[in-house]
Amino acid sequence: MKRVLVVYSSAYGSTQKYARWISEELNCELTEKGKASDKNFDDYDVIIYGGGLYAGKINGIDFLTSSFEKIKDKNIILFTCGLGDPDEQKNHQNIMKSVDKTLTGEMGKRVKVFCFRGGIDYSKLSFVHSAMMWMMYRIILKNSKKSQQAADENRYFIETYGKAVDFTDKKYIEPLVDYVRSL
């Protein structure tokens, strides 16, 4: 079995939950991004990084971009965790656009990407994230009233705005775990 390190950055807990599940399934080391600089990457064959999606950006992705020269000969895996359903084609395309903007050139070719669905608890959001979600809610609400045919996900967003919802599911990690085991 390859030596695997799982690194994550989680603002509200969903990404951490997935990172912990992956670490447990692969029986490997788990660390927060802030503590990863203490690691000797030569000790690992596989580096997995997980970050949440916020306004189209991947939380803590600088871990991969700044460490790339040290780890580029490793098997590198990125998993994202966001509120939108990555099984819906449009959401997946938007996530991959964000990934492609960040992981350019050789990084884009070397990093295997997996997308997971997280959750949200509005009572725990920072002021900035709360304001962003309020603005998104207003835009979606306005557009849905204009068209009277909001997409299912937009309708669900409107119905659950301000509440706690959790879409995390251990089943999402199965393709990533299978991929690592196949290396």
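The values are calculated or read from the model by the stated rules, or taken from the named source; none is laboratory data. Predicted model, so just to flag it, every value in this text is computed and none were measured. When we count neighbours, we look across all protein chains shown, and the Cβ atoms used for this are built from the backbone with ideal geometry, even at glycine. The protein model used for the area step is the full one, side chains on, heavy atoms only, and it has no ligands, DNA or RNA in it. Shrake-Rupley method; radii C 1.70, N 1.55, O 1.52, S 1.80 Å.
Once amide H atoms are built 1.01 Å from N in the peptide plane, which residues 5 or more positions from L30, or in another chain, come under 5 Å H to H?
Hits under the 5 Å cutoff: V6.
Using the Karplus curve 6.51 cos²θ - 1.76 cosθ + 1.60 with θ = phi - 60°, what ³J(HN,Hα) values do you get for each residue of segment 40-52, in whole Hz, with x for Gly and Pro?
Karplus-based 3J(HN,Hα) across segment 40-52 equals 8, 5, 5, 6, 10, 9, 10, 10, 10, 10, x, x, x Hz.
Suppose R0 equals 22 Å. What FRET efficiency, 1/(1 + (r/R0)^6) with r the Cβ-Cβ distance, do K112 and D43 give to the nearest 0.05?
On the way: r = 20 Å, r/R0 = 0.92.
E between K112 and D43, to the nearest 0.05, is 0.60.
In whole Hz, what ³J(HN,Hα) sequence does segment 69-83 give by Karplus (6.51, -1.76, 1.60; θ = phi - 60°), x for Gly and Pro?
So the Karplus estimates, Gly and Pro as x, are 4, 6, 10, 4, 8, 8, 7, 10, 10, 10, 10, 9, 9, x, 6 Hz.
Residue by residue through segment 159-170, which ³J(HN,Hα) values in whole Hz follow from phi under the Karplus form 6.51 cos²θ - 1.76 cosθ + 1.60 (θ = phi - 60°), with glycine and proline marked x?
5, 9, 4, x, 10, 9, 10, 9, 9, 4, 8, 4
Full-extension gain between M135 and N154, please, as 0.36 nm times their residue separation minus the C-alpha to C-alpha distance.
Details: separation 19, 0.36 × 19 = 6.84 nm, distance 1.37 nm.
Full extension of this stretch gives 5.5 nm more.
Looking only at the chain, where both bridge partners belong to it, what percent of the DSSP beta bridges are antiparallel (to the nearest 5)?
Working: 5 of 29 bridges.
Close to 15 percent.
Rounded to the nearest whole Å², what accessible area per residue is found for the chain with the 1.4 Å probe?
On the way: 10330 Å² over 183 residues.
I get 56 Å² per residue for this part.
What is the spread of the Cα atoms of segment 40-183 along each of their three principal axes, largest first, in whole Å?
Principal extents (largest minus smallest coordinate, Cα): 53, 28, 28 Å.
How high is the FRET efficiency between Y122 and Q93 when r is their beta carbon distance and R₀ equals 30 Å, given to the nearest 0.05? Intermediate results must be reported in sequence, preceding the final value.
Details: r = 26 Å, r/R0 = 0.88.
The value I calculate is 0.70.
Return the calculated 222 nm mean residue ellipticity for the chain, to the nearest 500 deg cm²/dmol, obtained by summing -39500 (n - 2.57) across DSSP H runs with n ≥ 4 and dividing by the residue count.
Details: 8 runs with 86 residues, N = 183.
The helix-only estimate for the chain comes to -14000 deg cm²/dmol at 222 nm.
May I ask you to rank D43, D85, D38 by accessible area, largest first, using a 1.4 Å probe over the protein chains only? Walk me through the intermediate numbers first.
On the way: D43 75, D85 30, D38 130 Å².
From most exposed to least exposed: D38, D43, D85.
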